[in-house]
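The values are calculated or read from the model by the stated rules, or taken from the named source; none is laboratory data. What you are looking at is a predicted structure, and each value in this text was computed from that prediction instead of being measured. Positions of Cβ are generated from backbone atoms using ideal geometry, with glycine treated the same way; all protein chains shown enter the neighbour counts. The accessibility values were calculated without ligands, DNA or RNA, using every heavy atom of the protein model including side chains. Shrake-Rupley method; radii C 1.70, N 1.55, O 1.52, S 1.80 Å.
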Amino acid sequence: MTGPVTPRGIVDRIAALPEATRPTPTWDECAVLRHEHLGDAHHRLVLRSPTISERTRAGQFVMVTIPAGVAARSVLPRPMAVHRRRASDDSFEIVYRAGGAGTRALTAVRPGESLLITGPLGQGFTLSPETDRLLVVGRGIGVCSIMTVVEDAVRHEVAVTGVLSARTEEALVGGADLAELGVTEAVTVTDEAGTSDVDRLARRLRTLLDERPPQQIMVCGSDRLARLCGELAARWGSTVQVSLEAHMACGLGYCHGCASAAATTEGESPLICADGPVFALTDGERT
Ligand SMILES: Cc1cc2nc3c(=O)[nH]c(=O)nc-3n(C[C@H](O)[C@H](O)[C@H](O)COP(=O)(O)OP(=O)(O)OC[C@H]3O[C@@H](n4cnc5c(N)ncnc54)[C@H](O)[C@@H]3O)c2cc1C
Ligand code: FES
């Protein structure tokens, strides 16, 4: 999930969700319980924080401060989704892609050390009480933003279909998490295998779900997949929520560096960190 502000086509179709309770972030020195390399350039961090594991709502994120000892020049913290909450042992997980200077430096942090984490932050996904079928769609590291809503859905006995997309088999994220959560309907597609093409995936999902469409669709990590979700939602009468990303300096709504650039008649466009990162995807009529 690298790259600048969210793709324009999608930002012009977003609307803020009705505001949930404002997050009350904490600044927590979190002990590193585990830090392991997954496939590709992906790493999993398990961090101890009773407050963050308990307070984080689905789709929220934290700001990770890269310790000065490992990267003196990584001044700004990095936004990362809370991938899993494990309240039973007061911990939460982040899965990140070591791409740039800050995240590459993060790989040097060892269990027993601590990381300064600010969170939980942002407006997350809203799972409607009326929903009994949910489709979640994630591409690459974007899968990390949707796994906490799967946790909630499973707890509320919502039937979940999960689509995991990536460049390669090795770069697929989230398969083990879906299995652990008991989600048996998982569709994995990769560029490598030639299965991730949007038209092909659309046909597959129509075949799978036309008879029992989801009321809600939640998507992260790809402009093309967000558009596909919009098209499927129009066919099925579903609603779509999309988690967006942007470079963030504060994550707290102060610096306005993450303005989404969405066309608006009401002054500044929504801030990805404070009004999002999760927004409703509109089609011009549906909100
Ligand atoms: C809500 C959210 C959730 C995310 N979740 C995850 C996740 O779970 N896993 C994951 O791997 N990634 C996630 N990302 C993406 C991740 O934050 C970036 O990939 C990461 O910040 C890149 O840092 P880096 O050190 O690898 O790259 P670098 O290129 O070294 O650093 C990126 C840094 O560039 C600077 N920067 C560059 N341009 C700008 C600009 N226009 N404005 C402000 N600062 C700028 C900032 O310091 C920024 O933090 C998420 C992003 C968001 C917004
Ligand atoms: S990152 Fe500072 S306002 Fe959003």
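What is the number of the single condition among (1) away from ligand 2 (no atom under 16 Å from the Cβ); (2) of a type in the set (A, V, I, L, M, F, W, C); (3) modelled with pLDDT of 90 or more that Ala246 does not meet? Condition (1) is where Ala246 drops out. In segment 181-200, which residues are within 20 Å of the chain's Cα centre (by Cα) and within 21 Å of Asp40 (Cβ to Cβ)? Answer for segment 181-200, where residues must be within 20 Å of the chain's Cα centre (by Cα) and within 21 Å of Asp40 (Cβ to Cβ): Ala186, Val187, Thr188, Val189, Thr190, Ser196.
Among the residues of segment 195-215, is there at least one that is modelled with pLDDT of 95 or more, touching a strand residue (DSSP E or B) at 6+ places or on another chain (Cβ under 7 Å), over 22 Å from Val240 (Cα atoms) and open to solvent by 70 Å² or more (accessible area, probe 1.4 Å)? Taking every residue of segment 195-215 in turn, none turns out to be modelled with pLDDT of 95 or more, touching a strand residue (DSSP E or B) at 6+ places or on another chain (Cβ under 7 Å), over 22 Å from Val240 (Cα atoms) and open to solvent by 70 Å² or more (accessible area, probe 1.4 Å). Within segment 79-102, restricting attention to residues that are free of Cβ contacts under 8 Å to residues at least 60 places away in the same chain and within 11 Å of ligand 1 (Cβ to nearest atom), the residue that is surrounded by the fewest Cβ atoms within 10 Å (Cβ to Cβ) is Ala101.
Of the residues Gly138, Gly122, the single one that is within 16 Å of ligand 2 (Cβ to nearest atom), open to solvent by less than 20 Å² (accessible area, probe 1.4 Å) and closer than 30 Å to Ala186 by Cα is Gly122. For segment 159-190, a residue qualifies if it is touching an Asp or Glu at 6+ places or on another chain (Cβ under 8 Å) and more than 25 Å from Arg203 (Cβ to Cβ), and the qualifying residues are Glu170, Leu181. Within segment 243-280, the set of residues being more than 8 Å from ligand 1 (Cβ to nearest atom), aliphatic (A, V, I, L, M) and part of a loop (DSSP other than H, G, I, E, B) comprises Leu252, Ala261, Ala262, Ala263, Ala274.
Is it true that some residue in segment 169-182 is over 22 Å from Phe61 (Cβ atoms), in a strand (DSSP E or B) and not assigned by TED's automatic domain parsing to the domain that holds Ser53? No, segment 169-182 contains no residue that is over 22 Å from Phe61 (Cβ atoms), in a strand (DSSP E or B) and not assigned by TED's automatic domain parsing to the domain that holds Ser53. If you go through segment 103-125 and keep only what is in contact with a Leu (Cβ under 8 Å, 6 or more places away or on another chain) and away from ligand 1 (no atom under 12 Å from the Cβ), you end up with Val109, Pro111, Leu115, Ile117, Thr118. Taken across segment 110-124, residues that are at pLDDT 95 or above, within 24 Å of Arg227 (Cβ to Cβ) and out of contact with any Asp or Glu (no Cβ under 8 Å at 6 or more places or on another chain) do occur, with at least one present.
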